[in-house]
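Just so it is clear, none of the values below were taken in a lab; they were calculated from the coordinates. Because the structure is predicted, anything quoted here is derived from the model rather than measured. For neighbour counting, all protein chains shown are included, and Cβ atoms are generated from backbone atoms with ideal geometry for every residue, glycine included.
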Amino acid sequence: MAEAGVSAAEVVTETRRAGEEEAKLLSPGWSESQLRSYHFQTRQIPRLHHSDPRAEELIDNEEPVVLTDTNLVHSALKWDLDYLKENIGNGDFSVYSANSHKFLYYDEKKMANFKTFKPKSVRQEMKFPEFVEKLRDIEQRGGDERLYLQQTLNDTVGRKIVVDFLGFNWNWINKQQTKHGWGQLTSNLLLIGMEGNVTPAHYDEQQNFFAQIKGYKRCILFPPEQFECLYPYPVHHPCDRQSQVDFENPDLERFPNFRNVHGYETVVGPGDVLYIPMYWWHHIESLMDGGTTITVNFWYKGCAHSKKNRIPTESTPEGGNNEKH
Ligand SMILES: O=C(O)CCC(=O)C(=O)O
């Protein structure tokens, strides 16, 4: 019997949804063996239906949450390399290549400040088909080289991608933006990564709805208060806002407080949306042996009046580069 005020249809939908969520938890589409191992503790980031009032509370408090069933990028869940090659258009794409799985972000504009800085990944501009060809070639040959495409979606994309983009659940996300008093949407970054790729821990100066489209990504987050444990590069360094600590081989003599770090983590899969609050550190890995991953993020300017809209450091990083991270 349905409770007063709740229709039988709503009860059926809710029961089906709970069943689907339980099935996902029992058989999530990935396994522990696909996760890299680190020597710090983490707790799980809550995973909630987007209409759960606790989800709104977490976003209001600027705490991370995985939102399910938002349909934010439902129209893009069909995206794969072949579909994108056919439809994404003839624009240029920034593709980083590295001889390791770690893609430490660097701001090219700050490279003049540190003449001896040698980035471990190199950016190349290429057309999408060239990227797919290189990626498939590397996959066939094996070896250490890896690629990571990171490109802001722009008006060079083809008609079908425009249609998919217009089909994003703007109604839901625009309401979120208004409800939480965020500023404008600044960009949507498209990320296409090889399995095992890692984006080392860093923080951004924007709010982020991180929408997973294909494959699984493990996201480890740390609150801004853990700044002291994560040792960002100096403000004028190209790696400003990135942690200097190599999580796989931490130098505890140089970075002793890293011993005290503790994170929050989750694995997101197709259709999940992770809220990454502004200034929260995040380390993101495409699962090992999990195939290509595709993500689109939604970066918003923070709320000008928020008490939390402050930089969590004593030395104030100037500006930062919001074009990418
Ligand atoms: O997915 C990734 O590898 C990095 C994405 C990221 O850092 C972001 O969306 O802010």
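With r defined as the distance between the Cβ atoms of A8 and E63 and R0 fixed at 30 Å, what FRET efficiency is calculated, to the nearest 0.05? The partial results should precede the final answer.
On the way: r = 35 Å, r/R0 = 1.16.
Computed FRET efficiency for A8 and E63: 0.30.
Quick one: Cα centre-to-centre distance for the stretch 18-68 and the stretch 210-258, in angstrom?
20
Between L26 and F40, with labels modelled 7 Å along Cα→Cβ, what's the label distance in nm to one decimal, could you check?
Output for this residue pair reads 3.5 nm.
Need one number: nm distance between label points at D251 and V162, each 7 Å from Cα along Cα→Cβ, rounded to one decimal.
5.1
Let me check against my output: what whole-number percent is the relative contact order of the chain, with C-alpha pairs under 8 Å and at least 6 apart? Before the final figure, lay out the partial values.
On the way: 630 pairs, mean separation 84.2, N = 325.
For the chain, the relative contact order is 26 percent.
Run the simple label-point estimate for K179 and N99 please: 7 Å along Cα→C-beta, distance reported in nm.
Spacing of the two 7 Å Cα→Cβ label points: 4.9 nm.
Please list, in order along the stretch 271-284, the HN-Hα scalar couplings obtained from phi with the Karplus expression 6.51 cos²θ - 1.76 cosθ + 1.60 (θ = phi - 60°), rounded to whole Hz, x for Gly and Pro.
Values, residue by residue: x, 7, 10, 9, 8, 9, x, 3, 6, 6, 5, 9, 10, 10 Hz.
So what are the radius of gyration and Dmax for the Cα set of the stretch 192-261, in Å?
When restricted to Cα atoms, the stretch 192-261 yields Rg and Dmax of 13.6, 40 Å.
Want the number for S33 to K118: 0.36 nm per residue separation, take away the alpha-carbon distance, what's left?
27.3 nm
Arrange the peptides 98-111, 214-227, 7-20 so that the one whose residues have, on average, the most other Cβ atoms within 10 Å appears first.
Per-residue mean Cβ counts within 10 Å order the peptides as 214-227, 98-111, 7-20.
Classify the stretch 139-289: rounded, prolate or oblate, from the alpha-carbon gyration tensor (a ≥ b ≥ c, eigenvalue square roots; a/c under 1.5 rounded; otherwise prolate if a/b is larger than b/c)?
It comes out oblate by the Cα gyration axes.
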